[in-house]
Amino acid sequence: MADGAPIDLVKTTCPYCGVGCGIIASPTGTDSAVISGDPKHPANWGRLCSKGSALGETLGRKGRLLTPFVDGERASWDNAMTRVAEGFARAIDDHGPNSVAFYLSGQLLTEDYYVANKLMKGFIGSANVDTNSRLCMASAVAGHKRAFGADTVPGVYEDLERCDLLVLTGSNLAWCHPVVYQRVIAEKERRPDLKIVVIDPRRTPTCDVADLHLALAPGTDVALYLGLFHHLSENGWADTCFVENHTRGIQDVASLASDYTVAEVSRTTQLSEKAITTFFDFFARRERVVTLFSMGTNQAADGSDRVNAIINVHLLTGRIGKEGMGPFSMTGQPNAMGGREVGGLANQLACHMDFDPTSIDRVQRFWNAPSVPHAPGRKAVDLFNAVADGQIQAIWIMATNPVVSMPNADRIKAALKACPLVVVSDIVPNSDTARCADVLLPATAWGEKDGTVTNSERRISRQRRFLSPPGLARADWWAVCELARRLGHGYAFDFAKPADIFREYAAMTAFENNGTRDLDLGALDDLSDMDYARMDPVQWPCPKDGRRKKRFFADGQFYTEDRRARFVPPGLASPKPQNHPLTLNTGRIRDQWHTMTRTGRAPRLNRHAPEPCVDVHPDDAHRSGLIKDGLAHITNERGSIIVRTNITSAQGEGSVFVPMHWTDDTASNARVDVLVSPDVDPVSGQPALKASTVSVEAFRPAWYGFAVGSAASEPDAAYWARAASDRGVRFELAGSQRPSEWRSFAAKLFGMPRDARLIEEVDEKGCSYRCAVFMRGRVSGAFIAGPEPVVVARDWLADQIGRVVLATDRHLILRGQPPDGYLDPGPTVCACLDVGRNTICAAIKNGAHSLNAVGDATGAGTGCGSCRAEIRKLMEVTRVPEKA
Ligand code: SF4
């Protein structure tokens, strides 16, 4: 299958989150496929979430980058790679190996990562390889290494189902890792005694299943865990035998924790003493405890310390490495784990080996490499700083969009514009980062790639190709090997296919290992091409001697020199000066992925949250003068954005939440990372993406608008947000000044071919405007504007595009409302089954008073279950008519 034609049913892996769900793809044409969950894959057993189940809608050539570009002109691969090689060679010759860098991505396959790391660290002689996984879980890596001596995830997903207490800390599992969340809620339904505690300043949808939600003050996690440590120590819950025989350093943590009485924890976290005591009691009295942590823990200036504070309480109680217990890091990206395995972080050398003399020597001998660096390279923020100040002269960015996702994002854009050589590999030509490229290389997309990924429980799965790459798109591993050849290192990069790379990678993990390193894939180093093609999901470690184990550390043996785990005293973050009144939290929403280059193509995924918004507490909204469904202007010293206002008591007072997904391609001004401070955790280098401060005020436009069209150009408006719909495109709009002529504005928006007919309504003062455009009797556009946020049946209106509408019904298009008797489904709540809010409310009014009843009546909530909290909320607020 590696390079052959697509076949009928292909088992592959989802390209989105770190759950790593197995998928069965059934191609239905050259660029389409039917997608379903793989019932035999141990990560998901057939389940998929809304994003995974919509993957089939994201395929296709539309909008793809099909050919290389050099300086904005089409080019052959040969010319493009010549330019890349010359630029890298010149920088290395003139300024040394540390003047070049790769910035990689958790979207890459392990094989891509391996060759990029090998080229930079073994043959160019620099360690300047970093990855967007730095933004996601570098603090987990640092915490693991400090405590265990290696970046080891001890447990497996099954532990989340076998535990008696599941602590979800800094994790909105329901939206960010929906299939693991489904596994948890299924277990909770089967075993109501399973206690679930959510620790998060926000009341996220994950709280729907929680027995206890601790909405602690942002940044006070360490205090909470020190308090728990103190409580467990003082009340006889420590496993003294485990601590004595298998750990070191308890005294340092114990003396630090001794100040953290329940009263002190309450004062610091602003939680009630009762809530704290309940949590401590849950933890103390249940042997089987899993603490799952994710970006809310990692993306902080004290992220590594938070991770160690969590690990400390598990070491104290000996709850690690056994069924149903242990700290558990959920990664954000599909192959963040594979990247850190091969060495894709600048502070790792290769295959879980560091920059110590023994490892450097071993790596040099294994690769027969001319120059292995003796010190770590630059981590992401530092790396782009070096681009900005000219120390890095050539950078190759693969499968990621740092102009949107890095902190202080406008500075990243400026740095790339000034860099002598920026190479970008992507699947689309118009990402914010691609626009900064001198050389733009067309990469293969999901469905066209072939290789492996590792999920959050150390399970390696195959991503298999089931579609032919369009145009001149090529695999990233091939492009890296091409650069290696042109730099004179071809002999070490003579890989013909991903299986060749995988075998070398597996052999390297086993090289002089003998059980001294956790990562060992020795049993896979001699897979035949056929074995690799057929490879089933496999968990590491899988050494050659066959002694596999499901969990690490059950034997109390760690990877430090003396094989004992380390207690690490966490530092206490001193509060930073608040330049602005509100703390900015950033993160994911349910139905989008990263910068929406894929999920944004699926109309049903756009219907749940079609535009960028800010979640803000009602009291903060009042103080800032925000109005329901109005717009907010969010500013700080680094920049400003304009987004829709979502006033909700789920947001804690004093902080706001803005999603990370919108780009300059999908909104006028909503790249939230322009506001984010470049502060990093000093140990892990991970940026504090959830702790910048901002001011928020109402953005008061002269008009608001909504437009749908079969096609529409970028509007000339102070605010716009674009989303793909089933029949074209939809825009939310707002303008600072009323257009001098509404008609010209609409004509410019829709392009107005000569045979188009426009009908319109303008009120006397010209404050409100409605128009509809028809082409040969079919609706091709509609635009409705007024001085207040526009109230129309948006999904219905979007669905009218391309339809023939009788002259007598054209007023409905102008009104933006369906005919009487038609139920507008309303904004999507359940994306898996495509069920809208109005449909659910109608079912509730008709007697569906439980989640199951709503599911039976409408299908909502019966897919991935991530919308169940929203359905429950609708059940609370929907007024059921009295019986006559
Ligand atoms: Fe993909 Fe959803 Fe599974 Fe994550 S939970 S891997 S996004 S299907």
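Brief remarks follow.
- Averaging the sequence gap over all C-alpha pairs within less than 8 Å and six or more residues apart, then dividing by the number of residues, gives the chain a relative contact order of 15 percent.
- Given charges at beta-carbon only (K, R positive; D, E negative), |dipole| of region 612-674 in Debye: 100
- q = 0.10 Å⁻¹, the chain: log10 I(q)/I(0) [Debye, one scatterer per Cα]: -1.15
- Unit Cα scatterers, Debye sum, region 75-212: log10 I(q)/I(0) for q = 0.13, 0.21 Å⁻¹: -0.77, -1.32
- The rule of thumb for compact globular proteins, 2.2 N^0.38 Å, goes into the C-alpha radius of gyration of region 365-435 1.26 times.
- Inter-part distance where region 154-232 and region 796-817 are each reduced to a Cα centre, Å: 47
- Note: region 731-877, Cα convex hull, 148 Å³ per residue.
- Computed from label points 7 Å out along Cα-Cβ, the spacing between His95 and Thr28 is 5.0 nm.
- Each DSSP beta bridge with both residues in the chain is either parallel or antiparallel, and the antiparallel ones are about 60%.
- Distance in nm between pseudo-label sites at Arg778 and Arg810 (7 Å out along the Cβ direction from Cα): 1.8
- Paramagnetic reach from Leu472 in region 33-76 [backbone N under 18 Å; point 7 Å along Cα→Cβ]: 63-76
- Cross-link partners for Lys873 among the aspartates and glutamates, with Cα-Cα distance under 12 Å and sequence neighbours closer than 8 places in the same chain left out: Asp208.
- Remark: spin-label model distance Asp259-Asp755 equals 7.9 nm, labels positioned 7 Å along the Cα→Cβ axis.
- For region 181-243, the solvent-accessible area with a 1.4 angstrom probe is 36 square angstrom per residue.
- For the residue pairs Lys145/Lys413; Lys449/Lys497; Lys145/Lys497; Lys40/Lys550; Lys379/Lys550; Lys11/Lys322, alpha carbon separations beyond 22 Å are given by Lys145/Lys413; Lys145/Lys497; Lys379/Lys550; Lys11/Lys322.
- Inter-part distance, region 16-63 to region 411-444, computed on C-alpha centroids, equals 28 Å.
- Accessible surface, per residue, of region 580-703 when the full set of protein chains is kept, probe 1.4 Å, Å²: 30
- Length-normalised contact order for region 438-572 - Cα pairs under 8 Å, 6+ apart - percent: 19
- Given +1 at the Cβ of Lys and Arg, -1 at the Cβ of Asp and Glu and no other charges, the dipole of region 320-446 around its Cα centre is 60 debye to the nearest 20.
- DSSP loop GluC sites (Glu not before Pro) with at most 16 other Cβ within 10 Å excluded, longest remaining stretch of the chain: 1-286
- Net lengthening on full extension, Ser272/Arg743 (0.36 nm per residue, minus Cα-Cα): 163.7 nm
- When shorter helices are ignored and each DSSP H run of at least 4 residues is given -39500 (n - 2.57), the per-residue value for the chain at 222 nm works out to -8500 deg cm²/dmol.
- Using only side-chain charges placed at the Cβ, +1 for Lys and Arg and -1 for Asp and Glu, the dipole size of the chain relative to its Cα centre rounds to 1440 debye.
- Carbon + sulfur, % of accessible area of the chain - ligands and nucleic acids excluded, 1.4 Å: 49
- Summed over the residues of region 465-558 and divided among them, the accessible surface reaches 41 Å² per residue at a probe radius of 1.4 Å.
- On full extension, the segment bounded by Ala418 and Lys62 gains 125.1 nm, given 0.36 nm per residue less the C-alpha separation.
The values are calculated or read from the model by the stated rules, or taken from the named source; none is laboratory data. Keep in mind it's a predicted model, so treat the numbers as computed, not measured. Reconstructed Cβ throughout: ideal geometry from the backbone, glycine too, with neighbour counts over all protein chains shown. For the accessible areas, the whole protein counts, side chains as well, though only heavy atoms, and no ligand, DNA or RNA atoms are used. Shrake-Rupley method; radii C 1.70, N 1.55, O 1.52, S 1.80 Å.
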